[in-house]
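This report concerns only the one structure given below.
The values are calculated or read from the model by the stated rules, or taken from the named source; none is laboratory data. No experiment lies behind these values; they were computed from the predicted model shown. For neighbour counting, all protein chains shown are included, and Cβ atoms are generated from backbone atoms with ideal geometry for every residue, glycine included. Each accessible area value is taken on the protein alone, full model and side chains, heavy atoms only, with ligands, DNA and RNA left out. Shrake-Rupley method; radii C 1.70, N 1.55, O 1.52, S 1.80 Å.
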Amino acid sequence: MTTTTVAPPTGATPVDLARGFLTGGVVGVSLAAFVVGCTLGKVPLIVAGPALLAAYGLLFRLAGAPRRAREGALAPRTALALIDALEVQKGEETDVPVRFDLTVAPDRAPAFRIRITQDVHVSELRDHRAGAVLVVRYPPDRPWLVRIVKRPTPEWEERAAGAVLESAPGPAVAADRQDGCAWSLVTLLGVLLGAAAVVLLLRAELFGKDTDAPDGRSASVTSSSTSTSTVTSTGTVSFGPGRSMLDRGALRAAVDSLTGGGGGGGDGKSALTVVVQEQLLTVVFSPAGADAPAFDPRSLPFDRVPALVEEARTTLGVDSPRTWQLSAERLTGALTIRISVAGAGGSASLEADGQGVVVRRSPAR
């Protein structure tokens, strides 16, 4: 019996590694874009993440179409095979993995030895024993992809029952491809680098941070001063996209950044007026030595502000409110907080005291 040696591919080729890195990069970019889009509330990013992954999958499949067409054009070859040895692997399922050492003897072609692993139903294990002859099938251009035919045709079943085969000399070649850890490592590296690229590109919006902010807060702090009969100073805190003064703790932190000597010009002084909008805080500080109705901006009822804004939006009869503004002052003696909302249905406002209790409403007309 003429024999030959089958050499299945072993290990990942450079092309496989490059493809794994590219796949990992696309997966990392897609996942990071989706997560960052959800965090920032950006619909284009949310859509772009899965769309990129779907487009890459489609291109990957189209690129492999010619190869699959060539492989599909070749009819699989059927042959007899002798079980030289077998080993039942551990398994808890009905189909258990079995490692076979086979001598494959195709018609009009040299025989070869191959080692494969294939699941076998527990009820059929008794039919698979060393020395038994089976029917196998494999692509003619890839003989290492041998699979045992579970239900052969009557003709091949009859041939297997009466066939006498001899083991081919030499060791059985393992058909199970061993990629090792290289492919997994480069794919993981691609995922990490892809995700990091998205985060770095959108870090300013993601963290809502101006790198020039002296205290490292997620805000931009500036100050200005004007001169009349006395000197006043104005401090501002602005947030980037994706952040709001209504976020938990955001308004308190912004006020602290101005009143705590953080470069905003407050230096612990009292305020004449505090104006808050969605992403902007403005504090007009009281001139030094002036007898003006000022107050400590840190005394504002910060925890009540989101609820007051929501009440102004929903209970004052303004349809589709688009903007809101909070102003706080002590011109009448007691601290007054006024929240105005404006939208398609006009504008309206409500007033609250220093504890955040509503004392007056001016609904839309």
Going by the structure shown, is ALA204 at pLDDT below 90, open to solvent by 30 Å² or more (accessible area, probe 1.4 Å) and not in a loop (DSSP other than H, G, I, E, B)? yes
Within the stretch 316-334, the count of residues that are part of a loop (DSSP other than H, G, I, E, B) and either open to solvent by 30 Å² or more (accessible area, probe 1.4 Å) or among the polar types (S, T, N, Q) (or both) comes to 8
Taking the stretch 282-308 and keeping only residues that are assigned to a helix (DSSP H, G or I), among the hydrophobic types (A, V, I, L, M, F, W, C) and open to solvent by 40 Å² or more (accessible area, probe 1.4 Å), one is left with ALA307
- Any residue in the stretch 240-255 that is at pLDDT below 90 and farther than 26 Å from VAL341 by Cβ? no
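How many residues does the stretch 322-365 contain that are closer than 20 Å to LEU280 by Cβ and touching a residue at least 24 places away in the same chain (Cβ under 8 Å)? Outline the logic, then answer.
Just the residues of the stretch 322-365 that are closer than 20 Å to LEU280 by Cβ, to begin with: 322-329, 337-343, 347, 349.
Imposing the further condition that a residue be touching a residue at least 24 places away in the same chain (Cβ under 8 Å) reduces the set to 323-329, 337, 339-343, 347, 349.
Residues flagged as closer than 20 Å to LEU280 by Cβ and touching a residue at least 24 places away in the same chain (Cβ under 8 Å) within the stretch 322-365 amount to 15.
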For the stretch 141-184, the count of residues that are at pLDDT 85 or above, part of a loop (DSSP other than H, G, I, E, B) and open to solvent by 40 Å² or more (accessible area, probe 1.4 Å) equals 8
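What do you reckon, is ALA79 under 21 Å from PRO171 (Cα atoms), touching a strand residue (DSSP E or B) at 6+ places or on another chain (Cβ under 9 Å), modelled with pLDDT of 90 or more and surrounded by 13 or more Cβ atoms within 10 Å (Cβ to Cβ)?
Details: under 21 Å from PRO171 (Cα atoms): yes; touching a strand residue (DSSP E or B) at 6+ places or on another chain (Cβ under 9 Å): yes; modelled with pLDDT of 90 or more: yes; surrounded by 13 or more Cβ atoms within 10 Å (Cβ to Cβ): yes.
For ALA79, the condition - under 21 Å from PRO171 (Cα atoms), touching a strand residue (DSSP E or B) at 6+ places or on another chain (Cβ under 9 Å), modelled with pLDDT of 90 or more and surrounded by 13 or more Cβ atoms within 10 Å (Cβ to Cβ) - is met.
With the requirement that a residue be free of Cβ contacts under 8 Å to residues at least 60 places away in the same chain, of a type in the set (A, V, I, L, M) and open to solvent by 70 Å² or more (accessible area, probe 1.4 Å), what does the stretch 48-74 give you? Give the derivation first.
Initial filter on the stretch 48-74 (free of Cβ contacts under 8 Å to residues at least 60 places away in the same chain): 48-70, 72-73.
Keeping just the survivors that are of a type in the set (A, V, I, L, M) gives 48, 51-55, 58-59, 62-63, 65, 69, 73.
The answer is LEU52, LEU53, LEU58, LEU59, LEU62, ALA63, ALA73.
Going through the stretch 97-133 one residue at a time, which ones are within 16 Å of PRO76 (Cα to Cα) and crowded, with 20+ Cβ neighbours inside 10 Å?
Here is the first cut: in the stretch 97-133, the ones within 16 Å of PRO76 (Cα to Cα) are 104-109.
Within the stretch 97-133, VAL104, ALA105 meet the criteria.
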Given (1) surrounded by 16 or more Cβ atoms within 10 Å (Cβ to Cβ); (2) over 20 Å from LEU80 (Cβ atoms), THR94 misses just (1)
